[in-house]
Amino acid sequence: MEETAILLIYTGGTIGMIADEETGTLIPFDFDNINNHIPELKRFRYKLGFHCFDPLLDSSNMNVETWIELGQIIKSYYEDYLNWLYKLSKDFPNKKTKRKSS
């Protein structure tokens with residue numbers, strides 16, 4: 001059976017922030033250490049991949065070029081992941097895309 005593989009594409013915004021322990025202000029989440037922050041994810045035994053925009057941007061600043069870049073990211077990971085999740089702000093619907101089986 002093929003391993004379930006999900007790619008999370010993070011453009012920026014509050015959903016990817018955590019509180020700084022010293023100041024309490026929101027700082028960008030380090031997705032490389034997601035299992036330390038959310039150990040429950042290990043239960044699912046999914047292959048989780050992450051792609052973060054650099055620099056991060058808020059969804060209110062997304063434009064046509066951003067959507068083109070998003071498509072290029074999906075294309076570059078197309079063979080490695082069956083599912084992609086890109087999270088936008090509360091002002092936009094969330095999208096989950098599944099690659100069609102051939």
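Taken together, the values in this text are just the output of simple stated rules run on the coordinates, not laboratory data. All of these numbers come straight from a predicted model, not from anything done at the bench. Ideal geometry is used to build each Cβ from the backbone, glycine not excepted, and the neighbour counts take in all protein chains shown.
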Check your understanding: If you average the sequence gap of Cα pairs under 8 Å that are 6 or more apart and divide by the length of region 1-73, what percent do you get for the contact order?
Key -> 44 percent
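Between F44 and D32, what is 0.36 nm times their sequence separation minus the Cα-Cα distance? Round to one decimal in nm.
2.6 nm
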Review point. Out of region 9-45, which trypsin sites (Lys or Arg not before Pro) are coil in DSSP terms and have no more than 11 other C-beta atoms within 10 Å?
Key: R45
